[in-house]
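**Q** Structure below; questions to follow.
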Amino acid sequence: VPKPMLPVNGRPLLEHILARLRQSGIRSVNVATHHLSDSIVQHFKDGSEFGIELQYFQETEPLGTAGGLANMGGGTDPLLVINGDVLTSMDVRAMLDFHHEHQALLTVGVRQYDIEVPFGVVKTEGVRITGIQEKPVLRHFINAGIYMIEREVCRLVPRGRRFDMTDLVAAVIESGGNVISFPVREYWIDIGRVEQYQKAELDSAAGMV
């Protein structure tokens, strides 16, 4: 089973994602597929049953998280890109407004992530101890797998080879483009690990998302 088709509270994860996009006013979605793509296409078909228009880009070889964007250069509206293994109640309209407000070429959804060090952390200069902190909590922003991009950015995506969103972010920064972060404060979870998938099941059943 491809991750986007894992059942969450009785429905495939991708169905939850599409429902959230439709509630945000999005009516057209392109889905890049590779692994066991038939199960996705057979379930969603053209998307009409789910109130949304779906098109599929079948990748014969995995092109990474940004490779499919090489096909998306036309048009003028910004593109929302979201990983197929993310469950979130993030406000897409708020992200779009934030993207426009800061005149960004690329906006990356970020999530605060806390890491508690289970030991006392010792600061040193050579052999001399200058401080000690008991079980500190380190706070970082992590990539939430949600992006808003201007269409012109798609020109930086090479055709026919693997290219990830991290590569695209780096390419836009290198070209001098404005890349910003948008904090995701609503519910968000990546189901990349079994325990996270189990938590998503429980959270969805409890009506948290």
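The values are calculated or read from the model by the stated rules, or taken from the named source; none is laboratory data. Note that the structure is a prediction, hence the values are computed from the model and not measured. FYI the Cβ positions are ideal-geometry reconstructions off the backbone, even for glycines, and counts take in every protein chain you see. These area figures cover heavy atoms from the full protein model, side chains too; ligands, DNA and RNA do not enter into them. Shrake-Rupley method; radii C 1.70, N 1.55, O 1.52, S 1.80 Å.
**Q** Which condition number does Val184 fail, the rest of (1) modelled with pLDDT of 95 or more; (2) in contact with an Asp or Glu (Cβ under 7 Å, 6 or more places away or on another chain) being met?
**A** Going through (1) modelled with pLDDT of 95 or more; (2) in contact with an Asp or Glu (Cβ under 7 Å, 6 or more places away or on another chain) one by one, Val184 breaks only (2).
**Q** Let me ask you something else. Which condition breaks for Gly131 when tested against (1) within 15 Å of Met148 (Cα to Cα); (2) open to solvent by less than 70 Å² (accessible area, probe 1.4 Å); (3) of a type outside the set (D, E, K, R); (4) over 15 Å from the mean Cα position of the chain (by Cα)?
**A** (1)
**Q** Also, I was wondering about something else. Can you say whether Arg185 is open to solvent by 70 Å² or more (accessible area, probe 1.4 Å), within 21 Å of the chain's Cα centre (by Cα) and without any contact (Cβ under 8 Å) to a residue 24 or more places away in the chain, as far as the supplied structure shows?
**A** It is true that Arg185 is open to solvent by 70 Å² or more (accessible area, probe 1.4 Å), within 21 Å of the chain's Cα centre (by Cα) and without any contact (Cβ under 8 Å) to a residue 24 or more places away in the chain.
**Q** Also, I was wondering about something else. Take Ser204 and tell me if it is touching a residue at least 12 places away in the same chain (Cβ under 8 Å), of a type in the set (S, T, N, Q) and over 24 Å from Pro78 (Cα atoms). Steps first, please.
**A** Numbers: touching a residue at least 12 places away in the same chain (Cβ under 8 Å): yes; of a type in the set (S, T, N, Q): yes; over 24 Å from Pro78 (Cα atoms): yes.
Criteria met by Ser204.
**Q** Taking Ala70 and the conditions (1) touching a strand residue (DSSP E or B) at 6+ places or on another chain (Cβ under 6 Å); (2) under 26 Å from Asn178 (Cα atoms), which numbered condition does it fall short on, given that it satisfies the others?
**A** With (1) touching a strand residue (DSSP E or B) at 6+ places or on another chain (Cβ under 6 Å); (2) under 26 Å from Asn178 (Cα atoms) applied to Ala70, the lone miss is (1).
**Q** Just give me the residues in region 143-178 being open to solvent by 40 Å² or more (accessible area, probe 1.4 Å) and not in a loop (DSSP other than H, G, I, E, B), in sequence order.
**A** Asn143, Arg151, Glu152, Arg155, Leu156, Thr166, Asp167, Ala170, Ile173, Glu174
**Q** In region 95-134, what count of residues is obtained for those that are free of Cβ contacts under 8 Å to residues at least 24 places away in the same chain and of a type in the set (A, V, I, L, M, F, W, C)?
**A** Step one: list which residues in region 95-134 are free of Cβ contacts under 8 Å to residues at least 24 places away in the same chain, which gives 97, 100-101, 116-134.
Subsequent filtering for residues that are of a type in the set (A, V, I, L, M, F, W, C) retains 117, 119, 121-122, 127, 129, 132.
Total satisfying the criteria: 7.
**Q** Within region 33-55, take every residue that is open to solvent by less than 60 Å² (accessible area, probe 1.4 Å) and in contact with a strand residue (DSSP E or B) (Cβ under 7 Å, 6 or more places away or on another chain) and give me the one that is farthest from Pro4 (Cα to Cα).
**A** Of region 33-55, the ones open to solvent by less than 60 Å² (accessible area, probe 1.4 Å) are 33, 37, 39-41, 44, 47, 50-52, 54.
Imposing the further condition that a residue be in contact with a strand residue (DSSP E or B) (Cβ under 7 Å, 6 or more places away or on another chain) reduces the set to 33, 37, 40-41, 44, 47, 52, 54.
Details: Thr33: 10, Ser37: 10, Ile40: 8, Val41: 12, Phe44: 12, Gly47: 15, Ile52: 17, Leu54: 15 Å.
This residue is Ile52.
**Q** Say we look at region 5-32 and pick out the residues that are touching a residue at least 60 places away in the same chain (Cβ under 8 Å) and of a type in the set (S, T, N, Q); which of these is most open to solvent (accessible area, probe 1.4 Å)?
**A** Per the stated criteria, the residue is Asn9.
**Q** Considering only residues that are open to solvent by 80 Å² or more (accessible area, probe 1.4 Å) and either in a strand (DSSP E or B) or closer than 15 Å to Phe141 by Cβ (or both), which ones fall in region 96-113?
**A** Gln112, Tyr113
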